[in-house]
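Here's the structure we're looking at; comments come further down.
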Amino acid sequence: MLRDAFFCDDNSRALSANRKHHLNKTVSSPATRLTRLPEYLFAALEQEIARKTAAGRDVINLGIGDPDLPPPDSFTKSLQLHAADPDAHFYSSSRGDAGVRKVIAKYFKGRFSVELDPDTQICVVLGGKEGLSSLGRAFVNPGDVVACPSPAYPVYAQGVTTLCDAEVCTLPLHKENGFLPDLNLAVGARMLFVNYPNNPTGAIATEFFWNQLADFADTHPETIVCHDHAYSEMTFDDYVAPSFLQYTQNAVEMHSLSKVFNATGFRIGYCVGRADYISALVKAKSQIDSGAPVMIQREMADGLAGYKGQEPPKDVIAIRKIYGERRVYTEHALKDLGLDVVESPATFYVWARVGDDEMSFVQKCLDHDVVVTPGRGFGAEGRGYIRLALTQSLDRIKLAMSRIA
Ligand SMILES: Cc1ncc(COP(=O)(O)O)c(C=O)c1O
């Protein structure tokens, strides 16, 4: 019945009882799930940086993965152009602008050789972070188990799992296994997250692992596999990162323009994959946001349209070259200091083992005005490691290395 679709009497009675209960309380407190969230990884570091900067110290911040370089000119010009589009001021749809989705499908075919239906298999998101946490709203029930790697981008365990009142099942990533998880540990999980090229370790996945993961997704329909591809384009030398959808269509994959277009503040990305998964994501998002600003979606489309097959636009090639040089320099410099460094052809993160207690190493760096992130901030299995984000000029990175030395 149409009436039922719009209004549910039982629900509204329960709601008003609930409201009375809350009015009786004198102190309002946040939801209990918030109390289960640890402090956000970078909050304490940011406080320390602010304190030092206020005291006039020259702090070199290799903590947060926020590109120091500006977006390419063509990218910002495209935004200015689309700001003047006569329809740019309207609400977008939660699935995203139809024209933009067509461009994404064309890019995906050229870049990854994967066909996507723009009407059913693509949803624009307000950056990968929003997309990932909205996937949680779409799929995770209270009490469910979500398989999250450790160390990992904290949003899988917190924004997705804890904020949906679910439980984390940890998939440890160890150097001996190439920082790839044991999928047997994920059996029975409601969702499973993986991310290659990987933050924080810089690891890339092997062909064997992708096939194993595809087999898992195909044979465990109870588990929704999400590959977070935030660093798909941040690769160096001859390495080209594949899409997980090349191995199976039984999955979703999150893409972001934040890193490779130096555009973290634009908040734009997209999610692709199995049509019923995408449709659940759109349903959740339609209650949370009203779509990314149309002008930014079109800017994203212009950026992706610059790809010729696997070949990125020249701006992206230039950005990669800079991060690649920083990476090679830093890997060598840290190895010269005797650290055990993970060498990688991808991401602007360097992951290095510094002994059992990385916190004292991080504190010593801070004492010398260099900020690095302690591995435990990415999960317990990150203990003993530090992450350096190469988001400073090569000269500043060189200065940081001499301070660390
Ligand atoms: C692994 C990973 N996924 C997703 C994101 C989210 O990126 P954004 O929300 O800027 O698209 C990040 C950002 O650091 C990340 O490292």
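The values are calculated or read from the model by the stated rules, or taken from the named source; none is laboratory data. The shown structure was predicted, so the numbers you read here are calculated from the model rather than taken from an experiment. Counting neighbours? That spans all protein chains shown, and the Cβs are built from the backbone with ideal geometry, glycine included. Side chains included, ligands, DNA and RNA excluded: accessible areas come from the protein's heavy atoms. Shrake-Rupley method; radii C 1.70, N 1.55, O 1.52, S 1.80 Å.
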Only listed residue being more than 20 Å from the chain's Cα centre (by Cα), buried (at least 20 other Cβ atoms within 10 Å of the Cβ) and of a type outside the set (Lys, Arg), chosen from Leu171, Leu183:
Leu183
Take Ile322 and tell me if it is more than 14 Å from the ligand (Cβ to nearest atom), farther than 16 Å from Ile104 by Cβ and at pLDDT below 95.
no
As an exercise: evaluate Gln158 against (1) open to solvent by 40 Å² or more (accessible area, probe 1.4 Å); (2) more than 15 Å from the ligand (Cβ to nearest atom); (3) part of a helix (DSSP H, G or I) and give the number of the one condition it does not meet.
(2)
Which of the residues that make up segment 346-372 are of a type outside the set (Gly, Ala, Ser), under 20 Å from Glu39 (Cβ atoms) and free of Cβ contacts under 8 Å to residues at least 12 places away in the same chain?
Gln363
So is Thr120 touching a Pro at 6+ places or on another chain (Cβ under 9 Å) and either outside the structural domain of Gly379 (by TED's automatic domain parsing) or under 16 Å from Val225 (Cα atoms) (or both) or not?
no
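Yes/no per residue for (1) under 26 Å from Phe42 (Cα atoms); (2) touching an Asp or Glu at 6+ places or on another chain (Cβ under 9 Å); (3) free of Cβ contacts under 8 Å to residues at least 24 places away in the same chain:
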| site | (1), (2), (3) |
| --- | --- |
| Ser286 | no, no, no |
| Asp289 | yes, yes, no |
| Ala292 | yes, yes, no |
| Ser344 | yes, yes, no |
| Pro374 | yes, yes, yes |
Just one listed residue, out of Val342, Val354, is open to solvent by 20 Å² or more (accessible area, probe 1.4 Å) and farther than 18 Å from Gln392 by Cβ, and it is Val354
Residues in segment 69-83: is at least one within 16 Å of the ligand (Cβ to nearest atom) and of a type in the set (Gly, Ala, Ser)?
no
Residues (of a type in the set (A, V, I, L, M) and either outside any helix (DSSP H, G or I) or open to solvent by 30 Å² or more (accessible area, probe 1.4 Å) (or both)) located in segment 291-323:
Ala292, Met295, Ala305, Ile317, Ala318, Ile322
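State which residue is farthest from Lys308 (Cα to Cα) when the search covers only segment 242-279 and only residues that are among the aliphatic types (A, V, I, L, M), touching a residue at least 60 places away in the same chain (Cβ under 8 Å) and surrounded by 19 or more Cβ atoms within 10 Å (Cβ to Cβ).
Ile278
Quick one: count up the residues across segment 348-380 that are within 18 Å of Gly202 (Cβ to Cβ) and out of contact with any helix residue (DSSP H, G or I) (no Cβ under 8 Å at 6 or more places or on another chain).
Looking only at that region, the number is 1.
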Select from segment 370-387 the residues that are open to solvent by 10 Å² or more (accessible area, probe 1.4 Å), charged (D, E, K, R) and outside any helix (DSSP H, G or I) and list them in ascending order.
Arg383
